[in-house]
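Just below is one structure, and these are the notes that go with it.
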Amino acid sequence: MNQTIIQERSGLNQFYAKVYAFVGIGIALSALVSALMLTTFQDLLVQLMFNARIWLIVTGVVEVALVIAASNMAYKNSPAALPMFLIYSVVNGFSLSFIVSLYLPGTVLTAFISSAALFFVMAIIGVVIKKDLSGIGRALIGALVGLILAMIVNVFLNSGLFDYIISIVMVLVFAGLIAWDNQKIRYVYEESNGQVATGWAISLALSLYLDFINVFLSFLRIFGSDD
């Protein structure tokens, strides 16, 4: 194996490590904030739960705004992209505490382990597969839009079975997106000839973070249907 190929693989591995460092920090921050709300600030959480719907709506709006802002800043390679991503992770950890508090600890642990295992497997597939997943990825984005609309409809239907089915399909959709987003890391690196701006790493990390969180929430609904 010549020196050029070795250097290219080393550079790509370093870029993967950089992206996943941001992903890990984001997930760790969300987990920490959620854990603090469920333990140290449990009394505050109980008080806020009386108006949980309002808080979830408010944080939901804030999170959408932060994701849009972080994405735009990342594309522009702005130094503010990383702080924006970290702030989003903190806010998301706060909102996750409301949802996690509704489930048994065993259910939460099972959902997290299942999410981590699925994420790992699909990430490996995305790294090693040679087939271009772009077409599949775009189809999955379309399916995701449909699922979001179905979830909105189910707010009014309040069907447990419908929610269960949506959650299963959501896991499948995000499993595919995890593979695609991991493949994109390689494509971005190759298209930039190894000169990748930090903004791209943050943008890719944000996508993977969202993939993981949504898989976790879907598994939580699946395993917690009897809680």
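Per residue, the average separation of C-alpha pairs within less than 8 Å and at least 6 apart gives the chain a relative contact order of 32 percent.
Annotation for TYR75 and ALA52: the two label points, set 7 Å from Cα along the Cα-Cβ direction, are 3.6 nm apart.
Taking Cα centroids, how far is region 8-65 from region 73-149 in Å? What the calculation gives is 11 Å, centre to centre. In this simple spin-label approximation, GLU191 and SER101 carry label points 7 Å from Cα along the Cα→Cβ vector, and these lie 4.3 nm apart.
In degrees, nearest 10, range 0 to 90: what is the angle between the Cα axis of helix 160-191 and the longest Cα principal axis of the chain? Helix 160-191 sits roughly 20 degrees off the main axis of the chain.
Surface composition of region 137-212: carbon and sulfur make up 69 percent of the accessible area, probe 1.4 Å.
Relative contact order for region 107-196 using alpha-carbon pairs under 8 Å, separation at least 6, rounded to a whole percent? It rounds to 45 percent for region 107-196.
Around ALA205, what is the net charge, scoring Lys/Arg as +1 and Asp/Glu as -1 over all other residues with Cβ under 14 Å from its Cβ?
0
Students often check this: by mean Cβ neighbours within 10 Å, which of 15-21, 75-81 ranks highest, and how do the rest follow?
Values: 15-21: 17.3, 75-81: 15.6.
Top of the packing list down: 15-21, 75-81.
Relative to the longest principal axis of the Cα atoms of the chain, the long axis of helix 3-38 makes an angle of roughly 10 degrees.
Scalar couplings 3J(HN,Hα) for region 133-138, obtained by applying the Karplus form with A = 6.51, B = -1.76, C = 1.60 to θ = phi - 60°, are 8, 4, x, 5, x, 5 Hz; x denotes Gly and Pro. Most tightly packed first, judged by the mean number of other beta-carbon atoms within 10 Å of their residues, the peptides 201-208, 154-161, 100-107 read 201-208, 100-107, 154-161. For region 1-136, the relative contact order is 29 percent, taking Cα pairs closer than 8 Å that sit 6 or more residues apart in sequence and dividing their mean separation by the residue count. Treating r as the C-beta distance of TYR164 and VAL64 and R0 as 41 Å, the FRET efficiency rounds to 0.95.
Could you tally up the Lys pairs in the chain with alpha carbons closer than 20 Å? Skip any pair fewer than 8 positions apart unless they're on separate chains. Before the final figure, lay out each step's value.
On the way: LYS18/LYS76; LYS18/LYS184; LYS76/LYS184; LYS130/LYS184; LYS131/LYS184.
Close lysine pairs found across the chain: 5.
Taking all protein chains into account, the per residue accessible area for region 96-184 stands at 54 Å² (1.4 Å probe). Note on the chain: helix-only mean residue ellipticity at 222 nm, from DSSP H runs of 4+ residues weighted -39500 (n - 2.57) and normalised by residue number, equals -30000 deg cm²/dmol.
How large is the direction-averaged shadow of the alpha-carbon convex hull of region 169-209, in nm²? Walk me through the numbers before you get to the answer.
Working: hull surface 10.8 nm².
Taking a quarter of the hull surface, the average projection is 2.7 nm².
Let a ≥ b ≥ c be the square roots of the eigenvalues of the Cα gyration tensor of region 31-99; is it rounded (a/c under 1.5), or, if not, prolate (a/b larger than b/c) or oblate? Walk me through the numbers on the way to the answer.
Details: a/c = 4.34, a/b = 2.00, b/c = 2.17.
Oblate is the answer for region 31-99, as a/c is 1.5 or above yet b/c matches or exceeds a/b.
Figure the gain on full extension for SER134 and PHE41 (residue separation times 0.36 nm, minus the Cα-Cα span) and round it to one decimal in nm. Between SER134 and PHE41, full extension yields an extra 29.1 nm.
The values are calculated or read from the model by the stated rules, or taken from the named source; none is laboratory data. Here the structure is a predicted model, which is why all the values come from computation and not from measurement. Cβ coordinates were reconstructed from backbone atoms using ideal geometry, including for glycine residues, and neighbour counts include every protein chain displayed. Areas reflect the complete protein model, heavy atoms only, side chains present, ligands, DNA and RNA absent. Shrake-Rupley method; radii C 1.70, N 1.55, O 1.52, S 1.80 Å.
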